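Note sheet for the following structure.
The values are calculated or read from the model by the stated rules, or taken from the named source; none is laboratory data. Quantities reported herein were computed from a predicted structural model and do not represent experimental measurements. Neighbour counts run over all protein chains shown; Cβ positions are idealised from the backbone, glycine included. Just the protein is used for accessible areas: all its heavy atoms, side chains included, with ligands, DNA and RNA removed. Shrake-Rupley method; radii C 1.70, N 1.55, O 1.52, S 1.80 Å.
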Amino acid sequence: EANNNFSNFENIMNVCKYLKIHNKILELPDGYNTVIKIGNVDDDLYYMLALAKIFLKKSRIILIEDIFDKLTRFYQDLVFNILINLKKEHTIILITKNKKIISNENIDSIYFFNGNELNCFGNYQKLYNDSEMYRNYYEKL
C-alpha cells in the first residue's frame, strides 16, 4: 500500500509540475498537505488545482466551465494550449465567453445558445458569417 500511495503522490506531483503549480504548492504552509479553501490561495492556484483533479481522473470527457477570466494571462495560455493538445484523445466541452478562445481556429465546434435553445453551431468563421445573433453577441464581448 505504501508503494501505491507513493505512486499516487508521484502522479499528483507530475500533474502539478505539468500545470506549473508545483512550486506554488511547495510554498504553502504545509505544502501538498495544505487544506485548500476559497480565499486561502490565489485564483490561479485554486483553479489549476481543480484542473489537476480533472487530469488525475483521466476522464475521456473533460468539462470545464469558464475559468479563463479568473486566471492570469500565463495560466490562461497554458490551460488553452494543454486543452488543444488533449483534444486529440479527449472530448473537451468548454463553456466560455472568452473572445480569444471562441475565435481560435483550433476550436472545432461552437454551440451557441439563446437562453435554453440551441441557436446555431459550427466553427467560429461559420457562425460569425452566418448568424447575425452570434455576430452581434461576439462583437459585444
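For region 6-21, residues that are out of contact with any Phe, Trp or Tyr (no Cβ under 9 Å at 6 or more places or on another chain) and of a type outside the set (S, T, N, Q) total 3. When you scan region 1-19, do you find a residue that is of a type outside the set (Lys, Arg), touching a Lys or Arg at 6+ places or on another chain (Cβ under 9 Å) and open to solvent by 70 Å² or more (accessible area, probe 1.4 Å), even just one? No, that holds for no residue. Going by the conditions given, is Asn104 part of a helix (DSSP H, G or I), modelled with pLDDT under 95 and not hydroxyl-bearing (Ser, Thr, Tyr)? No, not satisfied. Filtering region 58-77 to residues that are farther than 18 Å from Ile102 by Cα and within 9 Å of the chain's Cα centre (by Cα) leaves nothing. When region 100-117 is filtered for residues that are open to solvent by 100 Å² or more (accessible area, probe 1.4 Å) and among the polar types (S, T, N, Q), only Asn116 remains.
For region 124-141, give me each residue that is part of a loop (DSSP other than H, G, I, E, B) and surrounded by fewer than 17 Cβ atoms within 10 Å (Cβ to Cβ).
Within region 124-141, Leu141 is the sole residue that qualifies.
Do we have Asn3 as in a helix (DSSP H, G or I), farther than 27 Å from Asn85 by Cα and modelled with pLDDT under 95 here? Yes. Quick check: anything in region 59-72 in contact with a Ser or Thr (Cβ under 7 Å, 6 or more places away or on another chain) and acidic (Asp, Glu)? So far as region 59-72 goes, yes, one or more of its residues are in contact with a Ser or Thr (Cβ under 7 Å, 6 or more places away or on another chain) and acidic (Asp, Glu).
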